[in-house]
Amino acid sequence: MQRLNRVFWATLTVPLLLWLLADTSVFQASSLFGMRDPMVQVTGILAIVCMSAAMILALRPRWPEAWFGGLDKMYRLHKWLGIGALVLSIVHWLWSQGPKWAVGWGLLERPARGARPPIENPVEAFFSGLRGTAEGIGEWAFYAAVLLIALALIKAFPYRLFFKTHRLIALAYLMLAFHAVVLIKFSYWSSPVAWLTEALLVAGVFAAGVVLLRQVGAGRQAAGTIASLHYYSGVKVLETEIAVPQGWPGHKAGQFAFATSDASEGAHPYTIASAWKDDDRKITFITKELGDHTNQLRDKLRVGQDVKVEGPYGCFTFDDDCARQIWIGGGIGVTPFIARMKYMALQKDAPDGPVSQAVDVFHTTADVDEEALAKLAADAKNANVALHVLVDARDGRLTGERIRAAVPHWREASIWFCGPPGFGEALRKDFAAQGFPVAQRFHQELFAMR
């Protein structure tokens with residue numbers, strides 16, 4: 001999270017500093033109208049920079065994934081950048097319109113403006129001729145972007161509608177990019193702030209085109225067929241096994257993929273619950289009924305149905321050199337640990353398999369399904385993993401103190417958490433208070449793509 005914070009604030013700070021090198025007129029202004037033009041420029045630049053960076057991340061690029069710590073972290077940054085663009089766009093709009101409103105309300109007097117000198121540069125003259133068009137397009141695109149970003153942030157807004165409307169942000173972005181290119185102060189174009197903005201605009205326009213053509217992740221998709229379905233009624237969980245005879249590159253335990261079973265619903269992310277075997281090319285997903293889409297999967301999916309699988313993504317892959325690991329899976333968050341246990345069981349039987357780490361896995365659940373728990377226990381036994389199951393109503397809440405009591409050598413371990421964000425944050429703070437190096441050895445998947 002610290003890295004995400006640094007990148008987010010750098011995305012705002014670097015162009016701001018570069019703008020200050022190009023234009024210091026804001027410090028010389030003696031009135032609100034004197035501040036208006038520079039403030040419109042800087043807020044517009046920062047807003048389009050945030051939006052461009054968010055558009056680039058929308059492509060789910062693989063090259064920065066390891067540095068960020070997984071696509072889940074990149075999507076969190078994508079969300080922050082979207083919120084930043086929303087706030088900055090509103091401030092930009094207020095600086096543009098606010099002084100005019102104040103004049104209309106009699107609160108300010110518009111300063112006298114002399115005749116503008118003729119524009120001799122033909123390029124500048126060309127852009128000047130487009131100002132009216134750019135202002136009109138930009139205003140309507142701003143209204144559309146505010147509405148679409150706000151809808152994306154409303155969790156109650158159904159995913160199937162979010163999937164359709166969120167793509168329209170790319171169209172609004174193209175209109176705002178035109179607005180930015182035309183209206184950015186012409187004198188900036190010979191300065192680093194414009195070079196940075198231009199580079200991000202080029203990349204952002206490309207990304208928007210890919211989004212509008214529905215080609216995001218197209219090169220990482222594999223065609224599959226549902227091989228089996230099994231429903232665990234006690235926990236309202238559906239286990240789906242998908243055969244992917246060609247195109248799937250394999251995956252590590254703990255990674256996730258986007259699966260599409262209904263084109264109108266779009267791709268949904270699911271953690272993979274199986275280890276990869278080249279001689280049995282199948283992927284297993286475990287989905288809990290948590291929303292409008294997952295509630296209908298049991299009735300919609302059928303054996304033999306064609307699906308598309310995109311991935312794999314994620315860096316929640318248990319890679320460290322600690323002698324011991326502690327896994328904590330809250331509810332359906334146990335899924336990556338199931339995949340890892342299956343992988344460990346395969347490696348244990350391999351003649352040249354690596355020496356495995358000592359592992360304790362804690363699974364907390366509000367619901368109980370004896371068949372599901374029996375399979376979890378069998379996976380733990382096959383992988384030589386110590387399993388601790390806590391049913392909320394019977395055993396109470398899992399706390400850091402209970403984990404430390406069950407694992408005396410916890411200071412030698414790394415901790416891997418997947419589950420409700422608030423639960424993970426509480427455990428992180430608890431272990432940090434005990435001197436545990438959470439920045440280096442507390443790994444948490446941010447499995448929320450909105």
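The values are calculated or read from the model by the stated rules, or taken from the named source; none is laboratory data. What you see is a predicted model, and the numbers here were worked out from it, not measured in a lab. A quick note on method: Cβ atoms are made from the backbone with ideal geometry, for glycine too, and the neighbour counts reach across all protein chains shown.
Do you know which residues across region 289-310 are out of contact with any Leu (no Cβ under 6 Å at 6 or more places or on another chain), surrounded by 18 or more Cβ atoms within 10 Å (Cβ to Cβ) and at pLDDT below 95?
HIS293, THR294
Yes or no: ALA134 assigned by TED's automatic domain parsing to the domain that holds ALA208, over 16 Å from ILE184 (Cα atoms) and assigned to a helix (DSSP H, G or I)?
no
Is region 385-396 home to any residue that is surrounded by 14 or more Cβ atoms within 10 Å (Cβ to Cβ), within 28 Å of the chain's Cα centre (by Cα), closer than 29 Å to TYR270 by Cβ and not basic (Lys, Arg)?
Within region 385-396, not a single residue is surrounded by 14 or more Cβ atoms within 10 Å (Cβ to Cβ), within 28 Å of the chain's Cα centre (by Cα), closer than 29 Å to TYR270 by Cβ and not basic (Lys, Arg).
Within region 311-320, how many residues are farther than 23 Å from SER228 by Cβ and either buried (at least 20 other Cβ atoms within 10 Å of the Cβ) or touching a Gly at 6+ places or on another chain (Cβ under 6 Å) (or both)?
Within region 311-320, residues that are farther than 23 Å from SER228 by Cβ and either buried (at least 20 other Cβ atoms within 10 Å of the Cβ) or touching a Gly at 6+ places or on another chain (Cβ under 6 Å) (or both) number 6.
Taking ALA112 as the residue in question, decide whether it is modelled with pLDDT under 90, surrounded by fewer than 19 Cβ atoms within 10 Å (Cβ to Cβ) and not β-branched (Val, Ile, Thr).
Yes.
Going by the conditions given, is ARG428 more than 24 Å from LYS73 (Cβ to Cβ) and either β-branched (Val, Ile, Thr) or not in a loop (DSSP other than H, G, I, E, B) (or both)?
For ARG428, the condition - more than 24 Å from LYS73 (Cβ to Cβ) and either β-branched (Val, Ile, Thr) or not in a loop (DSSP other than H, G, I, E, B) (or both) - is not met.
Look at ALA345 and say whether it is out of contact with any His (no Cβ under 8 Å at 6 or more places or on another chain), in the same structural domain as ASP430 (by TED's automatic domain parsing), in a helix (DSSP H, G or I) and surrounded by fewer than 18 Cβ atoms within 10 Å (Cβ to Cβ).
no
Can you pull out the residues in region 161-182 that are of a type in the set (A, V, I, L, M) and modelled with pLDDT under 95?
Matches in region 161-182: LEU161 only.
Only residues that are in contact with a helix residue (DSSP H, G or I) (Cβ under 8 Å, 6 or more places away or on another chain) and more than 23 Å from LYS73 (Cα to Cα): list them for region 286-315, please.
Across region 286-315, the qualifying residues are GLU289, ASP292, HIS293.
When region 254-274 is examined, which residues are found to be at pLDDT below 95, of a type outside the set (Asp, Glu) and over 20 Å from the mean Cα position of the chain (by Cα)?
Selection gives SER261, ALA263, SER264.
Looking only at region 404-450, count how many residues are exposed (fewer than 12 other Cβ atoms within 10 Å of the Cβ) and under 22 Å from the mean Cα position of the chain (by Cα).
3
If I ask for residues that are without any contact (Cβ under 8 Å) to a residue 60 or more places away in the chain and not hydrophobic (A, V, I, L, M, F, W, C), which ones from region 69-88 would you list?
Listed by number, the list holds a single entry, HIS78.
Among the candidates ALA339, ALA323, which residue alone is buried (at least 23 other Cβ atoms within 10 Å of the Cβ) and either touching a residue at least 60 places away in the same chain (Cβ under 8 Å) or not assigned by TED's automatic domain parsing to the domain that holds HIS388 (or both)?
That would be ALA339, the only listed residue that is buried (at least 23 other Cβ atoms within 10 Å of the Cβ) and either touching a residue at least 60 places away in the same chain (Cβ under 8 Å) or not assigned by TED's automatic domain parsing to the domain that holds HIS388 (or both).
The rows are residues; the columns are (1) more than 30 Å from SER96 (Cβ to Cβ); (2) within 23 Å of the chain's Cα centre (by Cα); (3) modelled with pLDDT under 95.
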| site | (1), (2), (3) |
| --- | --- |
| ILE184 | no, no, no |
| PRO192 | no, no, no |
| VAL205 | no, yes, no |
| GLY209 | no, yes, no |
| ARG214 | yes, yes, yes |
| VAL237 | yes, no, no |
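Tell me, which residue of region 153-166 that is outside any helix (DSSP H, G or I) and out of contact with any Lys or Arg (no Cβ under 8 Å at 6 or more places or on another chain) is surrounded by the most Cβ atoms within 10 Å (Cβ to Cβ)?
Result: PHE157.
List every residue pair whose Cβ atoms sit under 6 Å apart, with the two residues 6 or more apart in sequence or on different chains, where the first one lies in region 235-256 and is more than 22 Å from ASP72 (Cα to Cα) and the second, anywhere, is in a loop (DSSP other than H, G, I, E, B) and charged (D, E, K, R).
That search, which allows pairs on different chains as well, returns VAL235/ASP367; VAL235/ASP369; LYS236/GLU289; VAL244/ARG281; PRO245/ARG281.
For region 269-287, what are the residues that are closer than 21 Å to GLN444 by Cβ and surrounded by fewer than 21 Cβ atoms within 10 Å (Cβ to Cβ)?
Passing the criteria: only PRO269.
Out of ALA66, ALA29, ALA10, report the one residue that is touching a residue at least 24 places away in the same chain (Cβ under 8 Å) and not basic (Lys, Arg).
ALA66
Output the residues belonging to region 391-450 that are of a type in the set (Val, Ile, Thr) and in contact with a Lys or Arg (Cβ under 7 Å, 6 or more places away or on another chain).
Within region 391-450, ILE415, VAL438 qualify.
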